[in-house]
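> I'd like to ask some things about the structure below.
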Amino acid sequence: DGGITQSPKYLFRKEGQNVTLSCEQNLNHDAMYWYRQDPGQGLRLIYYSQIVNDFQKGDIAEGYSVSREKKESFPLTVTSAQKNPTAFYLCASSAGGHNYGYTFGSGTRLTVV
Amino acid sequence: QQPVQSPQAVILREGEDAVINCSSSKALYSVHWYRQKHGEAPVFLMILLKGGEQKGHDKISASFNEKKQQSSLYLTASQLSYSGTYFCGTAPNTGNQFYFGTGTSLTVIP
């Protein structure tokens, strides 16, 4: 079955550490996205990529970095520069543009300890 | 630029109907609707494109009014499984932005 796989499901980060969240899709989708969701909040866009080797900042990119070396993979690194990283992180993909619905992964819950 | 949803929360008894509204300050090209259950990922329900269309999905349907820059999601004869938070997502006519709405928490009780 096609879908998006995010790992790990839960992640704990110490102060000053960088951590990388994995996102893999086998839907052959061109576009991939990273969203952050805080408790009781909506989804805010961190980064998105429409093709391999190209990505753009979203509304809250500071303290995050991404890469898109393969169509299937779009990992997100939460750097030590992100001062408040505790949140639920969602990866999504779409066939391209906003004419298509987004398919979401099951999410990674990141907690700073 | 984030669309505003109303109401913020609603509680229904099984079998009752509900309407969730999504309003934007910009002219819209498309509107998406998603449902998210607690602790899970959002699930795509439907998309409406410019042209003022209406769509249905089982007992859940939606309309898109371009002139009013808004969309409404209609849930009829609600079931317990309809509980969750509903988000709209909007893409404006110009630019490449896409924004999710503020969310509406819907709880269906027996």
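The values are calculated or read from the model by the stated rules, or taken from the named source; none is laboratory data. Here the structure is a predicted model, which means the values were calculated and not measured. A quick note on method: Cβ atoms are made from the backbone with ideal geometry, for glycine too, and the neighbour counts reach across all protein chains shown.
> Mind listing just one residue for me: the one in the stretch A:42-57 that is out of contact with any strand residue (DSSP E or B) (no Cβ under 7 Å at 6 or more places or on another chain) and within 14 Å of chain B (Cβ to nearest Cβ) and, of those, surrounded by the most Cβ atoms within 10 Å (Cβ to Cβ)?
A:I51
> State the number of residues belonging to the stretch A:72-99 that are touching a residue at least 40 places away in the same chain (Cβ under 8 Å) and out of contact with any His (no Cβ under 8 Å at 6 or more places or on another chain).
17
> Tally time: how many residues in the stretch A:16-41 are under 23 Å from A:D59 (Cβ atoms), away from chain B (no Cβ under 13 Å) and assigned to a loop (DSSP other than H, G, I, E, B)?
Residues meeting the conditions: 2.
> Then there's this: Read through the list (1) of a type outside the set (A, V, I, L, M, F, W, C); (2) touching a Pro at 6+ places or on another chain (Cβ under 8 Å); (3) at pLDDT 90 or above, then give the number of the only condition that B:G84 fails.
Checking B:G84 against (1) of a type outside the set (A, V, I, L, M, F, W, C); (2) touching a Pro at 6+ places or on another chain (Cβ under 8 Å); (3) at pLDDT 90 or above, the one that fails is (2).
> Kindly evaluate A:Y10 against the criterion of being touching a strand residue (DSSP E or B) at 6+ places or on another chain (Cβ under 8 Å) and either surrounded by 15 or more Cβ atoms within 10 Å (Cβ to Cβ) or of a type in the set (K, R) (or both).
No.
> Going residue by residue through the stretch B:31-48, is there one that turns out to be surrounded by fewer than 19 Cβ atoms within 10 Å (Cβ to Cβ) and more than 14 Å from chain A (Cβ to nearest Cβ)?
No, that holds for no residue.
> Also, quick follow-up: When the residues of the stretch B:68-105 are narrowed to those that are touching a Leu at 6+ places or on another chain (Cβ under 8 Å) and among the β-branched types (V, I, T), which ends up surrounded by the fewest Cβ atoms within 10 Å (Cβ to Cβ)?
That would be B:T85.
> For the stretch B:6-52, which residues satisfy the criterion of being of a type in the set (S, T, Y) and in a strand (DSSP E or B)?
Hits for the stretch B:6-52 are B:S6, B:S23, B:Y29, B:S30, B:Y34.
> On to the next question. Just wondering, is there one or more residues in the stretch B:90-110 that are away from chain A (no Cβ under 14 Å), under 13 Å from B:Q36 (Cα atoms), part of a strand (DSSP E or B) and touching a residue at least 12 places away in the same chain (Cβ under 8 Å)?
Yes; the residues of the stretch B:90-110 include at least one that is away from chain A (no Cβ under 14 Å), under 13 Å from B:Q36 (Cα atoms), part of a strand (DSSP E or B) and touching a residue at least 12 places away in the same chain (Cβ under 8 Å).
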